[in-house]
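Notes follow once the structure below has been shown.
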Amino acid sequence: MSKKELTADQEQLARFAKALGHPIRIAILEMLANQSCCYHGDMSEILPIAKSTLSQHLNELKDAGLIQGTITLPTVKYCINNENWNKAKELFGGLFTQLQKTDDIC
């Protein structure tokens, strides 16, 4: 049996999963989902972390493509990247459906 290469979808799904792998990032996404956009300063007043740590988490979500930011000095406004968020939902849904099928086998 020959080795298979990872698919682009597998790579993308893993990137999304990594970005979602911290509770603060989940809280950020929940915050953004409840409003159209949010300013970095507003988030730092609500979330229980330092501004520099918040910036690192925002960068991780942005690098994964789950959020996008608009810089209007001196502020940065963030919102969910709907196109990539829909892709993440599609990929996770497909994975969960595939894994659910294994419940019937094992």
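The values are calculated or read from the model by the stated rules, or taken from the named source; none is laboratory data. Every value quoted in this text rests on a predicted model; they were computed, and no experiment measured them. Glycine gets a Cβ as well: all are built from the backbone with ideal geometry, and neighbour counts include every protein chain shown. Surface accessibility is based on the protein's heavy atoms, side chains included, excluding ligands, DNA and RNA. Shrake-Rupley method; radii C 1.70, N 1.55, O 1.52, S 1.80 Å.
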* So which residues in region 54-80 are in contact (Cβ under 8 Å) with a residue 24 or more places away in the chain, surrounded by fewer than 16 Cβ atoms within 10 Å (Cβ to Cβ) and assigned to a helix (DSSP H, G or I)? -> ASP63
* Take the residues in region 3-21 that are of a type in the set (A, V, I, L, M) and in a helix (DSSP H, G or I), then tell me which one is farthest from GLU60 (Cα to Cα). => ALA8
* Asked: Can you tell me how many residues in region 1-51 are more than 24 Å from LEU91 (Cα to Cα), modelled with pLDDT of 90 or more and small (Gly, Ala, Ser)?
  -> 1
* **Cross-chain or 6+ apart pairs with Cβ under 8 Å, region 1-30 first and on the phi > 0 side of the Ramachandran plot and of a type in the set (Gly, Ala, Ser), then assigned to a loop (DSSP other than H, G, I, E, B) and at pLDDT 95 or above** => none
* Among the numbered conditions (1) assigned to a helix (DSSP H, G or I); (2) open to solvent by 70 Å² or more (accessible area, probe 1.4 Å); (3) out of contact with any strand residue (DSSP E or B) (no Cβ under 9 Å at 6 or more places or on another chain); (4) not aliphatic (A, V, I, L, M), tell me where SER44 comes up short. => (2)
* Scope region 14-27; condition within 18 Å of GLU83 (Cα to Cα), of a type in the set (A, V, I, L, M) and open to solvent by less than 30 Å² (accessible area, probe 1.4 Å); matching residues -> ALA19
